[in-house]
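Notes follow the structure.
The values are calculated or read from the model by the stated rules, or taken from the named source; none is laboratory data. Remember, it's a predicted structure, so these values are computed and weren't measured experimentally. All Cβ positions, even for glycine, are placed from backbone atoms using ideal geometry, and neighbour counts span all protein chains on display.
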Amino acid sequence: MGLWLLRILGVALALVAGLLLLGPFLISTVPIGGLGTAASAATEQSRFVRVPFSGTDGVEIHYVTRSEGAPRDAPVFVLLHGFTFDASTWDQVLDRFGAEGRVYAYDQIPYGRSAKLARADWQAANPYSKEAAIAQLFSFMDAVGIERATLVGNSSGGTLAAEAALARPERVDRLILVAPWVYARRPTIPAWLAETPQMRRLSLLIARKLGEAVLLDYSYADPQRVDAARRSRATAHTQVQGWDIAWGELLNRSLSSPVELSGRLAELTQPVLLLTGDQDRLVPVADTRRVAQGLPNGRLEVLPGCGHVPQEECPDAFWRAVSNWLMAGSGPARSAPGVR
């Protein structure tokens, strides 16, 4: 019996190993068909600009703005969305920022209606790396005529905002970081493993699932607040040819890119407003508190009854906190009574 059991276990292990090695090859790498261009998926508010990026023919960026009529010396806000989201995450507060100055919200590639680059579209640096995202941010600012700005980032957009401020501090006046992804843990693997054919196909499979906006419900304290119109905006990218391949490339690159911002928080000398919802299920409140403790010039506001995207779910509370901070001169201050 012992010998038979060993044989059965051996066969089982061989089947599992075969599944792990060969199973991913069953995942199709053919792009989802029947889709259109970014222009065909555009709205009346959509604007596009092409920015340079080494090794490509340029990267087309989709954005929305509220800058008409604002003086050139008015404050400028650049809004940065989080992982799997796009510029529409700022819809509820775009006009409010616009009343304070000029505001721009853009889709980081490959999200929303911005460029969907596949591996054949670049010959040098990977356009989905952290360094590339920072370069594209400043190239976007150059393209629309922004010298300095307040960067407003949610989740991984908050991480991007902080890293951009470290890279080019002379171009960043202030930071508003909404549940920034700094201490939250995500799995990373060696680059060589991420580049294997199996992992590249698994990345594509996961990306296709994430493209269905599965993180949207988790980002709200109360998913019932996500209406049909918001769900539709959250999947605007699925109208654009090549979105799944591009999302797979981004996810594959991120698998081997750990977040290393925590060790440099003390170098962020700009005024920083940190916001978090007390019901955030993706970046715990404790993580955002740790970020606040590491900043030399930061203020923390905790918004009751809100999740990971308070600018969507609780726009009034979100704006109240931002407005108070702006009126206070963006310097360090204690939280208002009742704010944890």
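Side notes on the structure shown:
- Hits in the stretch 262-300 - residues which are within 21 Å of the chain's Cα centre (by Cα) and either acidic (Asp, Glu) or over 30 Å from residue 223 (Cα atoms) (or both): 262, 263, 264, 265, 268, 278, 280, 287
- Matching residues in the stretch 55-82 - criterion: being in contact (Cβ under 8 Å) with a residue 60 or more places away in the chain, crowded, with 19+ Cβ neighbours inside 10 Å and not hydroxyl-bearing (Ser, Thr, Tyr): 59, 61, 76, 77, 78, 79, 80, 81, 82
- Within the stretch 309-340, considering residues that are among the polar types (S, T, N, Q) and at pLDDT below 95, the one surrounded by the fewest Cβ atoms within 10 Å (Cβ to Cβ): 335
- Residue-level analysis places residue 201 outside the set of residues that are charged (D, E, K, R), crowded, with 16+ Cβ neighbours inside 10 Å, within 26 Å of residue 42 (Cα to Cα) and touching a helix residue (DSSP H, G or I) at 6+ places or on another chain (Cβ under 7 Å).
- Residue match in the stretch 83-102 (condition: of a type in the set (A, V, I, L, M), surrounded by 14 or more Cβ atoms within 10 Å (Cβ to Cβ), modelled with pLDDT of 95 or more and in a loop (DSSP other than H, G, I, E, B)): yes
- Where residue 134 falls short, out of the listed (1) in contact with a helix residue (DSSP H, G or I) (Cβ under 7 Å, 6 or more places away or on another chain); (2) aliphatic (A, V, I, L, M); (3) surrounded by 20 or more Cβ atoms within 10 Å (Cβ to Cβ); (4) within 26 Å of residue 308 (Cβ to Cβ): (3)
- Applying the set (1) free of Cβ contacts under 8 Å to residues at least 40 places away in the same chain; (2) over 15 Å from the mean Cα position of the chain (by Cα) to residue 131 leaves exactly one unmet item: (2).
- Just one residue in the set 286, 229, 213, 246 is closer than 28 Å to residue 174 by Cβ and small (Gly, Ala, Ser); that residue is 286.
- When residues in the stretch 249-285 are screened for being over 23 Å from residue 132 (Cα atoms), touching a residue at least 60 places away in the same chain (Cβ under 8 Å), hydrophobic (A, V, I, L, M, F, W, C) and surrounded by fewer than 22 Cβ atoms within 10 Å (Cβ to Cβ), 1 of them pass.
- Here is the figure for the stretch 237-248: residues that are in contact with a helix residue (DSSP H, G or I) (Cβ under 6 Å, 6 or more places away or on another chain), surrounded by 18 or more Cβ atoms within 10 Å (Cβ to Cβ) and either assigned to a helix (DSSP H, G or I) or among the basic types (Lys, Arg) (or both) total 5.
- In the stretch 169-191, the residue that is farthest from residue 303 (Cα to Cα) out of those that are free of Cβ contacts under 8 Å to residues at least 40 places away in the same chain and loosely packed, with under 15 Cβ neighbours inside 10 Å is 170.
- Test: residue in the stretch 184-193 that is within 30 Å of residue 269 (Cβ to Cβ) and in contact with a Lys or Arg (Cβ under 8 Å, 6 or more places away or on another chain): no
The rows are residues; the columns are (1) at pLDDT below 95; (2) not in a strand (DSSP E or B).
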| residue | (1), (2) |
| --- | --- |
| 65 | no, no |
| 74 | yes, yes |
| 110 | no, yes |
| 133 | no, yes |
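- Within the stretch 76-94, none of the residues are farther than 19 Å from residue 235 by Cα, out of contact with any strand residue (DSSP E or B) (no Cβ under 7 Å at 6 or more places or on another chain) and among the acidic types (Asp, Glu).
- Residue in the stretch 141-151 that is within 19 Å of the chain's Cα centre (by Cα), more than 19 Å from residue 180 (Cβ to Cβ) and surrounded by fewer than 22 Cβ atoms within 10 Å (Cβ to Cβ) present: no
- Residue 167 being modelled with pLDDT of 95 or more and touching a strand residue (DSSP E or B) at 6+ places or on another chain (Cβ under 6 Å): no
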